Each structure stands twice: as C-alpha cells, then as structure tokens.
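Only one structure is covered here, and it is reproduced in the block below.
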Amino acid sequence: MGSEERDPRAVADTPRRSRIRLDQPLPPRRKILPDYDPEAFGRLSERIARFLGTGRFIVWMTVLIIAWVAWNVAAPDALRFDTYPFIFLTLMLSLQASYAAPLILLAQNRQDDRDRVNLEQDRKQNERSIADTEYLSREVAALRIGLGEVATRDWIRSELQDVLKELEEQRRAEVFPADSERGRDVDDR
C-alpha cells in the first residue's frame, strides 16, 4: 500500500495553505471605513464656498432669519419653537458657521494649489520665451555681422552707377576725342 494512489477528492478536502501567486494581484481587502473621492468633496466644498460668497446667499439668510424671528415673536405661544433669546437660532447660525469656515478654507487651499500650478507653468513659459528671445537676438546679431561683410543693394547700385559713369566718359572720349583733350589740364595725368 505504499504506492497507493490518492483520491483527488480527498486531496481537495484536506486543508492546505493556498499558494501565493506573484503574477496576479491580491484580491481587495475589506475596508472598515467607506471610500470617498477627495476631489469630489473638494469640488462640492468649492461650490458651497462659491455660493456662500454671493449676495443671493446673504439675501436668503436674511429672509430666513427675519421669518424665524417674526414667527417666534408673532405666532401663538403653542406654535413658537424658539422663544425670545432665540437660542435655537443662535445654535443653527453657529452650526452653519462651523461648517462654512472649513469648507471655505478647503476651497481656498484648492485654489492656492491651482494658482501654484498655473504660476509654475507661467514661469516655465516665461523662461522658454526668454530663451527664445535670447536665441533670436544672437541670430539677428550674427546676421548683422554677416551683412557687414556682404555687399548690400545700395552699395552695389552705387558701384554700378560709378562704373556706368566711367563707361559713358570713355564712350564720349572715343566719339569726341578733341573735346576730351581740350578739357584736360596739363597737370592731370
């Protein structure tokens, strides 16, 4: 019985340690706390902060407070839910302020991060622009130096006009040789 074959079902029933495969990711673990998207929360806080900074919010808050106070002053005693010192109103406003302040700070932090990224991009763009400007300045200077050694259109034109005048004088001298001899002084040789 030493070479006896094992039943495959018996092997499956025996508890054994599962092999860890390195070529496959581990299954996700159960988390105690729920996941949340910090970007979604940040966007929501920006929307709330944007609303809290509008005149519409101030108008609605003023209308709510006036209605609250009017109801608790003018309503019958049985229907009033917050009597004169308005403790519950104070509590509600404190609660609103305690949530509004951190949301506004979170929105400002996100705006600061965006401003920092934009500032860095602007700085890099300015560096590239400065480098391009310096390169173009060097190229223009090289072209000016090169043009100093090259004949310009005006210089060539003046040289051609001088040559044309000399040719005309030579032609006149050949056609009218006596005029050219009479017009010369003895010392002009």
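The values are calculated or read from the model by the stated rules, or taken from the named source; none is laboratory data. Being a predicted model, the structure only gives us computed values, none of them experimental. In this analysis, Cβ positions are derived from the backbone assuming ideal geometry, glycine residues included, and neighbour counts consider all displayed protein chains. Calculation scope for accessible area: heavy atoms of the full protein, side chains included, ligands and nucleic acids excluded. Shrake-Rupley method; radii C 1.70, N 1.55, O 1.52, S 1.80 Å.
When residue 11 is evaluated against the numbered criteria (1) modelled with pLDDT under 85; (2) open to solvent by 100 Å² or more (accessible area, probe 1.4 Å); (3) more than 30 Å from residue 109 (Cα to Cα), which criterion, by number, is the only one it fails?
(2)
Scanning for something assigned to a helix (DSSP H, G or I), open to solvent by 80 Å² or more (accessible area, probe 1.4 Å) and modelled with pLDDT under 95, does the range 116-126 turn up at least one residue?
There is no residue in the range 116-126 that is assigned to a helix (DSSP H, G or I), open to solvent by 80 Å² or more (accessible area, probe 1.4 Å) and modelled with pLDDT under 95.
Would you tally the residues in the range 73-87 being part of a helix (DSSP H, G or I) and either open to solvent by less than 90 Å² (accessible area, probe 1.4 Å) or not hydrophobic (A, V, I, L, M, F, W, C) (or both)? Step through it out loud before you land on a result.
Residues of the range 73-87 that are part of a helix (DSSP H, G or I), as a first pass: 73-74, 87.
The next check asks that each one be either open to solvent by less than 90 Å² (accessible area, probe 1.4 Å) or not hydrophobic (A, V, I, L, M, F, W, C) (or both); those that pass are 73-74.
Final tally of qualifying residues: 2.
Give me a count of the residues in the range 93-115 that are open to solvent by 80 Å² or more (accessible area, probe 1.4 Å) and more than 21 Å from residue 39 (Cβ to Cβ).
1
So which of 175, 163, 150 ends up being β-branched (Val, Ile, Thr) and open to solvent by less than 80 Å² (accessible area, probe 1.4 Å)? Please lay out each step first, then the result.
On the way: 175 fails: open to solvent by less than 80 Å² (accessible area, probe 1.4 Å); 150 fails: open to solvent by less than 80 Å² (accessible area, probe 1.4 Å).
Going through 175, 163, 150 in turn, the sole match is 163.
Sort out which residues of the range 21-55 are among the basic types (Lys, Arg) and surrounded by 10 or more Cβ atoms within 10 Å (Cβ to Cβ), and write them in order of number.
So in the range 21-55, the residues among the basic types (Lys, Arg) come out as 21, 29-31, 43, 47, 50.
43, 47, 50 - these are the residues of the range 21-55 that are among the basic types (Lys, Arg) and surrounded by 10 or more Cβ atoms within 10 Å (Cβ to Cβ).
Could you list, ordered by first residue, the pairs with Cβ atoms under 8 Å in which the first is in the range 31-55 and farther than 12 Å from residue 106 by Cα and part of a helix (DSSP H, G or I) and the second is open to solvent by less than 100 Å² (accessible area, probe 1.4 Å) and among the β-branched types (Val, Ile, Thr), at least 6 apart or interchain?
Here the result reads 52/104, each pair linking the range 31-55 to a residue that is open to solvent by less than 100 Å² (accessible area, probe 1.4 Å) and among the β-branched types (Val, Ile, Thr).
Looking at the structure I just gave you, is residue 70 of a type in the set (A, V, I, L, M, F, W, C), surrounded by 13 or more Cβ atoms within 10 Å (Cβ to Cβ) and assigned to a helix (DSSP H, G or I)? Break it down stepwise before answering.
Details: of a type in the set (A, V, I, L, M, F, W, C): yes; surrounded by 13 or more Cβ atoms within 10 Å (Cβ to Cβ): no; assigned to a helix (DSSP H, G or I): yes.
Answer is no for this residue.
Taking the criterion of being out of contact with any strand residue (DSSP E or B) (no Cβ under 7 Å at 6 or more places or on another chain), small (Gly, Ala, Ser) and either over 18 Å from residue 99 (Cβ atoms) or modelled with pLDDT under 85 (or both), would at least one residue in the range 18-38 satisfy it?
Residues of the range 18-38 out of contact with any strand residue (DSSP E or B) (no Cβ under 7 Å at 6 or more places or on another chain): 18-38.
Restricting the remaining residues to those that are small (Gly, Ala, Ser) gives 18.
Next, only the ones that are either over 18 Å from residue 99 (Cβ atoms) or modelled with pLDDT under 85 (or both) stay: 18.
The answer is yes; a qualifying residue exists.
One line per residue, one yes/no per condition, for (1) of a type in the set (S, T, N, Q); (2) free of Cβ contacts under 8 Å to residues at least 24 places away in the same chain:
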{"position": "74", "(1), (2)": "no, yes"}
{"position": "80", "(1), (2)": "no, yes"}
{"position": "85", "(1), (2)": "no, yes"}
{"position": "94", "(1), (2)": "yes, yes"}
{"position": "98", "(1), (2)": "yes, yes"}
{"position": "106", "(1), (2)": "no, no"}
{"position": "114", "(1), (2)": "no, yes"}
{"position": "119", "(1), (2)": "no, yes"}
